[in-house]
1. Where only protein heavy atoms count, and the probe is 1.4 Å, what is the accessible area per residue for the chain in Å²?
2. Counting DSSP beta bridges in the range 1-102, what percent are antiparallel, to the nearest 5?
3. In the chain, what percentage of the DSSP-assigned beta bridges are antiparallel, given to the nearest 5?
4. Using amide H atoms built in the peptide plane, which far-off residues or other-chain residues are under 5 Å from Ile122 H to H?
5. Using a 1.4 Å probe on the protein heavy atoms, what percent of the accessible area of the chain belongs to carbon and sulfur?
6. Can you give the charge dipole size of the range 193-272 about its Cα centre, rounded to the nearest 20 debye, using +1 on the beta carbon of Lys and Arg and -1 on the beta carbon of Asp and Glu?
7. Hey, what do the phi angles of the range 34-42 turn into as Karplus ³J(HN,Hα) couplings, whole Hz, using 6.51/-1.76/1.60 and θ = phi - 60°, x for Gly and Pro?
8. What size of dipole, in debye to the nearest 20, comes out for the range 72-122 about its Cα centre when the only charges are +1 on Lys and Arg C-beta atoms and -1 on Asp and Glu C-beta atoms?
Amino acid sequence: MGTRQITVLGLESSCDETAAAIVRLTLDTQGQLAGAGEIISNQVLSQIELHAPYGGVVPEIAARAHITHMDGLVKQALEEAGMRLAQLDAIAATAGPGLIGGVLIGLTTGKALALAAQKRFIGINHLEGHALTARMTQGVEFPYLLLLVSGGHCQLLGVTGLGQYQELGSTMDDAVGEAFDKAAKLLSLGYPGGPEIERWAREGNPEAYPLPRPLIDRHNLDTGSGAELACEFSFSGLKTALRQKAEKLAPLKDTHVRDLAASFQAAVLDCLADRTRNAMHVFRMLHNLSGEIPLVVAGGVAANQALRARLDMEASAQGYALCVPPPALCTDNAAMIAWAGAERMASAERMASAESEADAMATSAKARWPLADLSA
Ligand code: KG4
Ligand code: ZN
């Protein structure tokens, strides 16, 4: 039985999706999360078509599109929910990390709405939104291991509580989504590249071309030698190897593209599986955890079905349970921002430590904002 509900409007504009959503969190009599949240409305406008001709996100075009559409999306989110601003408990917006022009638009809109409606404002770290999504969709409890794989990020984090994110490893060069996007571009496939590579890979031979698996086997967890590399990622060497192979095979026929896509995806999956396997081991040891631990996968790349199947296998073998939010909530959206806002509000109430309104309104937009900074 829930005792308190927190309803939050969330805004997202840090990359190439303009989004507004209303989400409700329910607390039980002990003030703890009473299961999954309720997504009351969820409006997402993708700018993919605007950026596709350039093969990547153009910051100025993104910012202009966010400005044009944010107000309308807020209105639609309220209409879809059949609610007025007055019925909300708070308004949350992404404050970073991301493309600064875009972040500023959502953040400023959120503050203005909060001021006008006399509601609390909460600035949210976009990565925390991804990190907490599985709590909204599946009510997953702390602690869990998080593999965050998107266009801008690739990291393994131990999540032991709200705001408690310990980085176990991250990428030394490209993010994994970025690697998919670059691979697709050099195979002349569409943008975003992840779904294209996955589609072409489905009919290709993953063993057609042996591509490198950067960093795999460069450590020994038992002896500790090279252990600092056990959960790190690197994709730039793989990308270069793919380019060289493609150049040798040029002009590329469809069968080449299928086999190259399949070989590339297989190499990426091997890297992600290997690093995650190490992190599962490290996380269990670090916190002396027994029993089944959730392995949550978040970010746009979590939409990849082959990755899910692979991680499911790896997780079961290590006594972990794979948990992946539905694809539409793995890619950028505002429901996750609203949810993070609701969790932050619930936590502040529990600790009677609400941030002052002036402090919340002073939240600045940040291009860079590592998740691990929230634990400080
Ligand atoms: O989380 P997201 O929507 O945006 C951020 O980067 O924050 O992630 C987008 C990334 C893109 O790089 C896209 O190519 C990748 O996720 N992606 C995929 C798939 N769907 C999206 N990568 C691999 N397989 C997919 N099915
Ligand atoms: Zn994202």
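1. 42
2. That works out to approximately 85 percent antiparallel.
3. Counting DSSP beta bridges with both partners in the chain, the antiparallel share is about 60 percent.
4. It is Ile91, Ala92, Ala93, by chain and number.
5. Roughly 51 percent of what the probe reaches on the chain is carbon or sulfur.
6. Charge dipole of the range 193-272: 360 debye, to the nearest 20.
7. 9, x, 5, x, 10, 8, 7, 8, 8
8. That gives a dipole near 160 debye.
The values are calculated or read from the model by the stated rules, or taken from the named source; none is laboratory data. Everything quoted here is computed from the prediction, not taken from an experiment. Note: ideal-geometry Cβ built from the backbone for every residue, glycine included; neighbour counts use all protein chains shown. We work out accessible area using only protein heavy atoms, side chains counted, and drop any ligands, DNA or RNA first. Shrake-Rupley method; radii C 1.70, N 1.55, O 1.52, S 1.80 Å.
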